[in-house]
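Asker: The structure under discussion is supplied below as structure tokens; questions concerning it will follow.
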Amino acid sequence: MIESNQNTGLFPKSTEILGTLGFSPLEQNYFLSGGKIHVWNGPMHDIHSPVYIFQEDKHQKIRLGSVPIFSASQAIDVLQDAVNAWDLGRGEWPVMRVKDRIKAVEHFLELYKKQREKVVKWLMLEIGKNRSESEQEFDRTSDYISDTINSVKQLDRDTSNLELNSGIYAQIRRGPLGVVLCMAPYNYPLNESFATLLPAIIMGNTVVFKPAKHGILLMEPLLEAFREAFPPGVVNIVYGDGKEVVKAIMESGKIDVLAFIGSSQTANQIKKLHPRPNRLRSVLGLDAKNPAIILADADLDVAVSECIIGTLAFNGQRCTALKILFVHEDVLHDFMQRFCLKVEQLKAGMPWDENVTVTPLPETGKPEYLSGLVNDALNKGAAVQNEGGGLQHLSFVFPTVLYPVDKSMRIYHEEQFGPIVPIVPFNNINDPVHYVTESNFGQQVSIFSNNATQIAELIDPLVNQVCRVNINTKCQRGPDSYPFNGRKDSAEGTLSVSDALRVFSIRTMVATRNNEGNREIFTKILEDRMSNFLSDQFLL
Ligand code: G3H
């Protein structure tokens, strides 16, 4: 542990650099609800950066600004705006033609793109994500929005015809579900907000959105865009303590869909609050402890470079991160030597510095939690393998490679969500397979090998345990057109550009018996374009 007031040179000595980023504190004493940006006169919550300033021989966290703290009744007022805009499915937005909803989203996208610099700045300052990953998060979200628009058009084309089966005509389309509560995690506070918010909106639902616990101010530059692009009440935002605000919203029984990305424990607590569980649909992205299995014949150059980004990109704070490495004893020495060398070359610094990987962690108490995991492993026989491993300085936790790790240690079971890399040696392939089958998690796995037979033998048992088996490739969510889901405690529902449109909607149909009178009625409705739903128009 480095003394908190020791000058390591890691943190800036003046606020001058913040000026060059375009930073000044943001007191967000306003909020968006019911199509208006309201002035807030209530209590405010201070937001601090994980970045410190070293001045006058001491470190101090940078204060970034503040946001409102809602009470339960203020949260219910915001919820009511979403409920009013839904209006039992008769609101302007849920009954709007798909092409008009798309126009609104396209308008939003134009406004969104203009806020790149500001949002990227807040990503760096609020969660410590390095510049290139912050830019990627912004751009990936922009692509996600335009891909979603294209996917909605395709869906519309696919459902613009009438079917005739057993004497019944039907038009089957996907309709919205109602009011959606969206909650995002701090590690992708922008992208994973939009991963649920956007499909929910575009399918005609109305939304109450609660920003992540870190990564709140970065939504501020988008408030005006939400207000301008969508009818009143389509997007409404709540702030404050989840225990009060989310509790009140869920207990109201007015939420139709819970979209939550975070821990399974919290998801379970939130779901239980709903008084009418059959009415509630859940779309959840939860815990994971994805293993990499490095076989004796793996190409170690590939395995090492994939495992470096797999374990340590954004300091290991990705749900898809590789969180435990099983390495065959025949290549253990070689793998570990090369892996540790690369770890030692990772540059630590401020998120805006060039080529940095190791950056400050945003969660209070996280360094203490991680050192608890490391100490537990050390007490049970593991050792730190890399130079600088185990060191911490305030919000910095330096990557720590632990070996040999076994099942007696907490790090073997717990999702560290941080830069600790446990290595488990194995001789018998049943050991890592057993790890996967016994685990409470079921998201992904990575296999590193050049032997097609061995890989094939692992694919078949593993695809029924996890939802993605990566070969010579790290675990990851993208590309976003692929399904992102998990088994066991790892997820509920599937997210991808097209799957998300399905999870936030339900197949609804208009049907009639095939006779002359009904055919005439349907023809009139279609020809005169009298209904937004029963319609043979489609989008190009
Ligand atoms: O934290 C979970 C993210 O959805 C992972 O996304 O694999 O693209 O980093 P990623």
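The values are calculated or read from the model by the stated rules, or taken from the named source; none is laboratory data. Remember, predicted model here, so these are calculated numbers, not experimental data. We place every Cβ from the backbone using ideal geometry, glycine too, and count neighbours over all the protein chains shown. With ligands, DNA and RNA removed, areas are computed over all heavy atoms of the protein, side chains included. Shrake-Rupley method; radii C 1.70, N 1.55, O 1.52, S 1.80 Å.
Asker: Which value, in debye to the nearest 20, describes the size of the charge dipole of the chain about its Cα centre when Lys and Arg Cβ atoms bear +1, Asp and Glu Cβ atoms bear -1, and nothing else is charged?
Answerer: Roughly 1480 debye, rounded to the nearest 20.
Asker: Where the convex hull is taken over the Cα atoms of segment 139-253, what is its projected area averaged over directions, in nm²?
Answerer: Quarter of the Cα hull surface area: 9.4 nm².
Asker: Set the Förster radius R0 to 41 Å, insert the Cβ-Cβ distance between Asn430 and Asn278 as r into 1/(1 + (r/R0)^6), and round the FRET efficiency to 0.05.
Answerer: Efficiency computed from Cβ-Cβ geometry: 0.45.
Asker: What full-extension length gain, to one decimal in nm, is calculated for Val510 and Arg487 as 0.36 nm per residue of separation minus the Cα-Cα distance?
Answerer: Between Val510 and Arg487, full extension yields 4.8 nm more.
Asker: In nm, to one decimal, how far is the Asn451 label point from the His107 one, both placed 7 Å along Cα→Cβ?
Answerer: 6.2 nm
Asker: What's the FRET efficiency of Ile2 with Lys347 using the Cβ-Cβ distance as r and R₀ = 22 Å, to the nearest 0.05?
Answerer: 0.80
Asker: Right, another one. Among Ser439, Leu361, Cys319, flag the residue with its Cα farthest along the positive direction of the charge dipole of segment 290-481, charges on Cβ as +1 for Lys/Arg and -1 for Asp/Glu.
Answerer: Projecting each Cα onto the dipole axis, the largest value belongs to Leu361.
Asker: Could you tell me which residue out of Ala200, Tyr188, Gly65 lies farthest along the dipole of segment 30-285 toward its positive end? Charges go on the beta carbon: Lys and Arg +1, Asp and Glu -1, centred on the Cα centre.
Answerer: The Cα lying farthest towards the positive end belongs to Ala200.
Asker: I'd like the accessible area for Glu220, computed on protein heavy atoms only with a 1.4 Å probe and all protein chains in place. Round to 10 Å², please.
Answerer: Approximately 40 Å² for this residue.
Asker: From the gyration tensor of the Cα coordinates in segment 30-285, what semi-axes in whole Å does the equivalent ellipsoid have, largest first, with each one equal to sqrt(5λ)?
Answerer: 33, 22, 16
Asker: Can you tally the net charge around Pro94? Count Lys and Arg as +1, Asp and Glu as -1, for every other residue whose Cβ sits under 10 Å from the Cβ of Pro94. Could the numbers behind the result be given before it?
Answerer: Numbers: positive: Arg90, Arg101; negative: Asp87, Glu92.
Local charge sum for Pro94: 0.
Asker: Right, next: Restricted to Cα positions, what overall size does segment 290-481 have along the principal axes? Three whole-Å values, descending.
Answerer: Over segment 290-481, Cα extents along the principal axes are 47, 40, 31 Å.
Asker: Over the chain, consider all pairs of different Cα atoms and compute the Kirkwood hydrodynamic radius from their mean reciprocal separation; express it in Å, one decimal.
Answerer: On the way: mean 1/r = 0.0401 Å⁻¹.
Kirkwood hydrodynamic radius for the chain: 25.0 Å.
Asker: Taking the alpha-carbon distance from Lys272 and a cut-off under 26 Å, which lysines remain once sequence neighbours fewer than 8 residues away in the same chain are dropped?
Answerer: Counting by Cα, and skipping residues close in sequence, Lys272 has these lysines nearby: Lys210, Lys213, Lys243, Lys247, Lys254, Lys289, Lys488.
Asker: Among DSSP beta bridges whose residues both lie in the chain, state the antiparallel percentage, nearest 5.
Answerer: Taking every DSSP beta bridge with both residues in the chain, the antiparallel ones total about 45 percent.
Asker: Something else now. Taking H placed 1.01 Å from N in the peptide plane, check which residues at least 5 places from Asp299 or on another chain put their amide H under 5 Å from its amide H.
Answerer: Ser449, Asn450
Asker: Going by amide H atoms built from the backbone, whose H comes under 5 Å of the H on Leu322, apart from near neighbours?
Answerer: Amide H to amide H, under 5 Å and 5 or more residues apart or across chains, Leu322 pairs with Thr311, Cys475.
Asker: Against the 2.2 N^0.38 Å scaling, with N counting residues, where does segment 326-434 land? I'd like the Cα-based Rg ratio to two decimal places. Please list the in-between numbers first.
Answerer: Numbers: Rg = 14.5 Å, N = 109, 2.2 N^0.38 = 13.1 Å.
Against the compact-globule rule of thumb, the ratio is 1.11.
Asker: Counting only helical runs of four or more DSSP H residues, what would the 222 nm mean residue ellipticity of the chain come to if each run contributes -39,500 (n - 2.57) and the total is spread over all its residues?
Answerer: -11500 deg cm²/dmol
Asker: How many percent of the alpha carbon pairs in segment 191-348 exceed a separation of 25 Å?
Answerer: Value for segment 191-348: 49 percent of Cα pairs lie more than 25 Å apart.
Asker: Could you give the angle, 0 to 90 degrees to the nearest 10, between helix 131-158's Cα long axis and the longest principal axis of the Cα atoms of the chain?
Answerer: 30 degrees
Asker: Still on this structure, please answer the following. Explain nothing, just the number: dipole magnitude of segment 30-285 about its Cα centre with +1 on each Lys and Arg Cβ and -1 on each Asp and Glu Cβ, in debye rounded to the nearest 20.
Answerer: Taking the Cα centre of segment 30-285 as origin, the dipole is about 480 debye.
Asker: Below 17 Å Cα-Cα, how many Lys pairs turn up in segment 60-136? Only count pairs eight or more apart in sequence, or on different chains, if you could.
Answerer: 6
Asker: A follow-up question, please. Run through every distinct alpha carbon pair of segment 1-132 and return the Kirkwood hydrodynamic radius in angstroms, one decimal place.
Answerer: The Cα-based Kirkwood calculation yields 18.4 Å.
Asker: Which one of Phe417, Ala382, Ile459 is farthest out on the positive end of the charge dipole of segment 359-517, using unit charges on Cβ (Lys, Arg +1; Asp, Glu -1) and the Cα centre as origin?
Answerer: Comparing the listed Cα positions along the dipole, Ile459 ranks first.
Asker: Taking the chain as the reference, fit the longest principal axis to its C-alpha atoms, fit the long axis of helix 329-345 to the helix C-alpha atoms, and give the angle between the two in degrees, 0 to 90, nearest 10.
Answerer: Tilt relative to the chain: about 80 degrees.
Asker: Using the Karplus curve 6.51 cos²θ - 1.76 cosθ + 1.60 with θ = phi - 60°, work out ³J(HN,Hα) for each residue of segment 83-90 in order, rounded to whole Hz, and write x for Gly and Pro.
Answerer: 5, 5, 5, 5, 6, 6, x, 9
Asker: Summarise the accessible area of segment 290-481 (1.4 Å probe, protein heavy atoms) by the percent that is carbon and sulfur.
Answerer: 48 percent
Asker: Using a simple spin-label model with points 7 Å from Cα along the Cα→Cβ vector, what separation in nm is obtained for Ile172 and Lys524?
Answerer: 2.8 nm
Asker: Another one. How far, in degrees from 0 to 90, does helix 220-229 lean away from the longest principal axis of the Cα atoms of the chain, to the nearest 10?
Answerer: 20 degrees
Asker: A further question follows. Which value, in debye to the nearest 20, describes the size of the charge dipole of segment 258-325 about its Cα centre when Lys and Arg Cβ atoms bear +1, Asp and Glu Cβ atoms bear -1, and nothing else is charged?
Answerer: Roughly 920 debye, rounded to the nearest 20.
Asker: I've got another one for you. Counting heavy atoms of the protein chains only and a 1.4 Å probe, report the per residue accessible area for segment 290-481 as a whole number of Å².
Answerer: Numbers: 7200 Å² over 192 residues.
Each residue of segment 290-481 exposes 38 Å² on average to a 1.4 Å probe.
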